[in-house]
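A quick write-up on the structure given underneath.
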Amino acid sequence: MQVSQTSAAVSAVLDDPNLIAHAGLVPVMRLAERCGLPRLVAEKVKLTGARNGAGAAADAKVTSIVGGMAAGADSIDDLHILRHDAIPAVFAGTRAPSELGTFLRAFTHGHALQLHAVHRRFLAALAAHTRLLPGAGEKAFIDVDSTHKRVYGRTKQGAEYSQFKGIRTLHPPLATICTPHARPVIAGVRMRRSKAADSRGTPKFVSEALATAVEAGCTGTRILRADSHFYNAGVIAACRRTGAHFSITTGMNPSIKRAVHSIPDEEWQRISYPTAVPDPETGELISDAEVAEIPQYTAFASRKNSERVTARLIVRRVRDLAKPAVVGEQGELFPVWRYHPFFTDQPAATLQAEREHRHHAVVEQSSRTPKPTPWPTCPPGTSTPTPPGSPCGR
């Protein structure tokens, strides 16, 4: 087989020194400056005692990293993209990748908390300058989830072998804010040991996420959504202290199981979802189910009176299709259901509350989307060996 076309006599080459491949960075970084990102970093991030001058000019280094990531850099070495072509003529104070790597490796958990403070204030300024969260003055959802992220560096703080055999991970809780008209934006991330339980430190983390939402302009109805790992009295108390509602999956403990089985058959209502949601047990996409509500359910009844909470228990049930019918055997004598309850005090009607709670699964999927990016997998030090196949092994 041979190529039947001759090669072009003229080829195009971008060799003009005045061309900028990432001119879109100009409005992005101008917006960051208008919202006070360099000023906030200079005020909050203090790497005192860092060697090799790693803590100097933290504002220039953080903005260089943000600009590089916005331009598509997915590793420390890729940050040299800010020094290509005519970009240095447009941006002043960009730092070399080696300098930025030294800066990042000097961070401890305390320094990460300083960056969290910057993020919280910057998010509020960004929401004030742009339509980041349209409709936040009426209704906003704060979604909290716990995730594992694989890492390769052996000196990363908190990275350990945990529930994934032979895999070293970070295990942070993640909070996002969204509205019925806006996609999720990150409200907070907190680093902790990989072996920590999913519920560890969640009441304080939820309190901070709810406070961040208020600063970002969420002054209307605020609803915290979470899965069963966050079903505890501390999380619900944090919501009530800040005037927020909660919508939390409970799981099927004995008390809830008795309550669910006491629901009469005639009280179940059929519901159809505008977008299919994955079943948490089988992974199958579900677009319809049946829903019922227990208006007054007391959670944590075995605890002291101050920790007991009475609110709505809304239950969704779907047919149990996990075990397919066996050819030649007798069919089912009665339908078998799987139940998915959640505990809530939000004021919406039953079916609307169910739809809004199930949207938490959609937000979880969007939170998992950035995971394949190799930024967090880069080794923290040059002496750390990089395993074959690692995104940083290049």
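The values are calculated or read from the model by the stated rules, or taken from the named source; none is laboratory data. As the structure is a prediction and not an experimental result, all values here were calculated from the model. Note: ideal-geometry Cβ built from the backbone for every residue, glycine included; neighbour counts use all protein chains shown. These area figures cover heavy atoms from the full protein model, side chains too; ligands, DNA and RNA do not enter into them. Shrake-Rupley method; radii C 1.70, N 1.55, O 1.52, S 1.80 Å.
With a 1.4 Å probe and all protein chains left in place, how much of the accessible area of the range 58-111 comes from carbon and sulfur atoms, in whole percent?
Details: 1250 of 2340 Å².
Ligands and nucleic acids excluded, carbon and sulfur give 53 percent.
Ranking request for peptides 254-267, 178-191: highest mean number of other beta-carbon atoms within 10 Å first, then the rest in descending order.
Values: 254-267: 11.8, 178-191: 17.6.
So the peptides 254-267, 178-191, ranked by packing, come out 178-191, 254-267.
Averaging sequence separations of C-alpha pairs under 8 Å and six or more residues apart, then dividing by the length of the range 87-179, give the relative contact order as a whole percent.
Once normalised by length, the contact order is 27 percent.
Two-decimal Rg/Rh of the range 135-265 from alpha-carbon positions, Kirkwood Rh? All intermediate terms of the calculation are to be shown ahead of the outcome.
Numbers: Rg = 16.8 Å, Rh = 16.1 Å.
Radius of gyration relative to Kirkwood radius: 1.04.
Please say if the range 4-138 is rounded, prolate or oblate, where rounded means a/c under 1.5 for a ≥ b ≥ c the square roots of the C-alpha gyration tensor eigenvalues, and otherwise the choice is prolate for a/b larger than b/c and oblate otherwise? Kindly include the intermediate steps, with their values, before the conclusion.
Values: a/c = 2.55, a/b = 1.48, b/c = 1.72.
Verdict is oblate for the range 4-138.
Please name which of SER207, ILE186, PHE164 has its Cα lying farthest along the dipole of the range 161-223 towards the positive end, using unit charges on Cβ (Lys, Arg +1; Asp, Glu -1) and the Cα centre as origin.
PHE164
Just to confirm, what accessible area per residue do you get for the range 127-170 at 1.4 Å probe, in whole Å²?
Details: 2380 Å² over 44 residues.
That works out to 54 Å² for each residue.
Taking the range 86-127 as the region of interest, what is the percent of Cα-Cα pairs per 5 angstrom bin, listed from the shortest bin to the one with the maximum distance?
Spelled out per bin, shortest first, that is 5, 17, 15, 16, 22, 19, 6, 1.
Of all accessible surface on the range 153-197 at a 1.4 Å probe, what whole percent is carbon and sulfur? Before the final figure, lay out the partial values.
Details: 1330 of 2440 Å².
Here it works out to 54 percent.
About the Cα centre of the range 32-92, how large is the charge dipole given +1 on each Lys and Arg Cβ and -1 on each Asp and Glu Cβ? Please answer in debye to the nearest 20.
340
How high is the relative contact order of the range 151-245, in percent, counting Cα pairs under 8 Å that sit 6 or more residues apart?
Working: 114 pairs, mean separation 21.6, N = 95.
With pairs under 8 Å counted, the relative contact order is 23 percent.
Using a 1.4 Å probe, what is the accessible area per residue for the range 47-106, in Å²? Could the numbers behind the result be given before it?
Details: 2840 Å² over 60 residues.
Using a 1.4 Å probe on heavy atoms only, each residue of the range 47-106 averages 47 Å².
Suppose every Lys and Arg Cβ carries +1 and every Asp and Glu Cβ carries -1, with no other charges. What dipole size does the range 126-178 come out with about its Cα centre, to the nearest 20 debye? Don't jump to the answer; show the numbers that get you there.
Working: 8 positive and 4 negative charges, 77 e Å.
Roughly 360 debye for the range 126-178.
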